[in-house]
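The values are calculated or read from the model by the stated rules, or taken from the named source; none is laboratory data. Note that this is a predicted model, so its numbers are computed, not measured. Every residue, glycine among them, receives a Cβ derived from its backbone with ideal geometry; neighbour counts consider all protein chains shown. Heavy atoms of the whole protein, side chains included, go into the accessibility calculation; ligands, DNA and RNA do not. Shrake-Rupley method; radii C 1.70, N 1.55, O 1.52, S 1.80 Å.
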Amino acid sequence: MTSPTLTLGSILIAYSPTFSLLLLLVLQKPQLVILAVCSAFAYLLSALLSSVVWLVTSAIGNAIHSNNGDDNDGDDGDGNSNNAIGTLFALAIPGVLCQMIVRCLFVNGYFKVENVIRRSVAKHEKEEIAAHNANNNNAANNNSNNNNNNNNAGNPPSETNALQLQLNDLSCSIAAGCGYALLHALFLYGTLLASESGESGSYDEGAYGGGGGSTGYGGTLYQASCGGIPSLINGALISCMFSVLDVMWMMLCFFGMRRRSSSSPSSQPNNNACASAIPSSSAGPSTIASLLR
């Protein structure tokens, strides 16, 4: 029987890194939540693209095997090695490439949206400055009006700052990586967790009623390649490592795409703005606390 404590511990191992980042960083700002949801949708697109590639390559492989009369050659050692190599080239490598391409497209789209917002903010700032200059010219003969205008001269920059995203590449990359990693972990580990957790319905008042679990016979599932660790723990560790990798790859993608776009003159203000978005006067005890302010 799969113990409930084993199931709970497996869930904590698999999803605790992602949920910790979501609770500490992403949920503190609605912009980061939107970014995490969009990155999760980006992973769905990458999974769809890799699935289409797998369907095409598998259909081509089956057609080749049927033409050569090799449909029954998968039982020997050579057939197994050929199937493993075929799976590597038809599923693993295209899947990794599809995820990387979609990840880069997502980051590029985020940078484009960021540039559009900054241009709109700059346009708003110019309009406010022009309006204040016109008011100053109209009230040039009134000293009291001039004093009031001088006191209110700082209002347009404050309004402009309120319109900006007030985000930086570090927090945005972590948020996007969390959304990407969470959906990847659900797809990777959710089916095994659901099948093993469904075994609890096979017990009635402590007596085994037959069936249940991913094997259909009850008990905890073990793999022949790793017989000392239950498959729940093994899958949870793999899911946890993939989650960390997804976050790290998203951070590296943000860093690389930002440096790639830093050669253009229009991107130089963006780098300075993103760097200034990190609060330097925060009195928080940790870096994460400073990012949340």
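Structure data summary
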item: Residue match in the range 19-28 (condition: open to solvent by 30 Å² or more (accessible area, probe 1.4 Å), of a type outside the set (A, V, I, L, M), under 28 Å from ILE233 (Cβ atoms) and at pLDDT 90 or above); result: yes
item: Residue within the range 137-155 that is modelled with pLDDT under 65 and closer than 30 Å to LEU35 by Cβ present; result: yes
item: Within the range 169-196, considering residues that are surrounded by fewer than 19 Cβ atoms within 10 Å (Cβ to Cβ) and among the hydroxyl-bearing types (Ser, Thr, Tyr), the one nearest to the chain's Cα centre (by Cα); result: THR191
item: Failed item, numbered, when ASN133 is tested on (1) open to solvent by 90 Å² or more (accessible area, probe 1.4 Å); (2) modelled with pLDDT under 80; result: (1)
item: Every residue from the range 32-63 that is surrounded by 15 or more Cβ atoms within 10 Å (Cβ to Cβ) and of a type in the set (S, T, N, Q); result: SER39, SER46, SER50, THR57
item: Residue that is farthest from ARG260 (Cα to Cα), among those in the range 89-121 that are open to solvent by 40 Å² or more (accessible area, probe 1.4 Å) and small (Gly, Ala, Ser); result: ALA92
item: Residue count for the range 1-51, restricted to those that are assigned to a helix (DSSP H, G or I), of a type in the set (A, V, I, L, M) and farther than 20 Å from ASP169 by Cα; result: 11
